[in-house]
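To start, the structure itself, in structure tokens.
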Amino acid sequence: MKDEEIIELIRQRDQTGMNELVSGYGALIRYVISPILSDEQDREDCCSEITMRIWERIDAYSKERGSWKGWITAVSRNAALNFNRKNRFGDSMEEMEEHIPSGEPTPEESVLLTERREALMTALKKLTPTDRELFYRKYYYMQSTQQIASELSMTVRAVEGRLYRIKKRLRKQLGGEEGEG
């Protein structure tokens, strides 16, 4: 079944769309969350949460903003990070919330974050496709260096070296200190 058909079925609240989503994209979802969640039960729970999130937020998907696969990947990654964070802090966070200042950025911080994000995206576009893939795999999808090396037929040492040079180049482009970690 084509992506557009799956999207339309989910928008119409047809269970067939969810079945097609799971059969067509379940492996991708597991691939994205496995470096983030080490426990098998957590991964299964998170997969269920991701499919529900896609079901509930299907109207947030826009073909103009990116691909279906990219959107599923982003939803999966963010859900896994949130799931991991929630499990790490547990219910104690709920008790503390009323005493914690708002995590929302101030208007000034929002402008700075937007400028930094745009500068990073511009710098990433200047990287070669291979270097950009390495960067995303390591720092966006949180894959281990070993996994990256294995899947790209490289040595661990080669991956580490490339990542070091990529970080150094990005730091220089973004105006950071040359000697920073």
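The values are calculated or read from the model by the stated rules, or taken from the named source; none is laboratory data. Predicted, not measured: the structure shown is a model, and the values here were computed from it. Here the Cβ is made from the backbone with ideal geometry for all residues, glycine too, and neighbour counts use every protein chain on show. Accessible surface is based on the protein model in full, side chains and every heavy atom, while ligands, DNA and RNA are left aside. Shrake-Rupley method; radii C 1.70, N 1.55, O 1.52, S 1.80 Å.
Structure values in brief
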{"quantity": "Matching residues, region 141-161, being open to solvent by 70 Å² or more (accessible area, probe 1.4 Å) and either aromatic (Phe, Trp, Tyr) or out of contact with any Pro (no Cβ under 7 Å at 6 or more places or on another chain) (or both)", "calculated": "Gln146, Ser150, Glu151, Ser153, Thr155, Arg157, Glu160"}
{"quantity": "Count - residues of region 49-69 that are free of Cβ contacts under 8 Å to residues at least 12 places away in the same chain and exposed (fewer than 11 other Cβ atoms within 10 Å of the Cβ)", "calculated": "4"}
{"quantity": "Subset of region 23-48 (residues that are surrounded by fewer than 19 Cβ atoms within 10 Å (Cβ to Cβ) and touching a residue at least 40 places away in the same chain (Cβ under 8 Å))", "calculated": "Leu28, Pro35, Asp42"}
{"quantity": "Any chance Met1 is open to solvent by less than 30 Å² (accessible area, probe 1.4 Å) and farther than 28 Å from Lys138 by Cα", "calculated": "no"}
{"quantity": "Selected residue (criterion: farthest from Arg171 (Cα to Cα)) from residues of region 104-140 that are of a type in the set (Lys, Arg) and surrounded by 13 or more Cβ atoms within 10 Å (Cβ to Cβ)", "calculated": "Arg137"}
{"quantity": "Output for region 125-147, where each listed residue is part of a helix (DSSP H, G or I) and within 16 Å of the chain's Cα centre (by Cα)", "calculated": "Arg132, Glu133, Leu134, Phe135, Tyr136, Arg137, Lys138, Tyr139, Tyr140"}
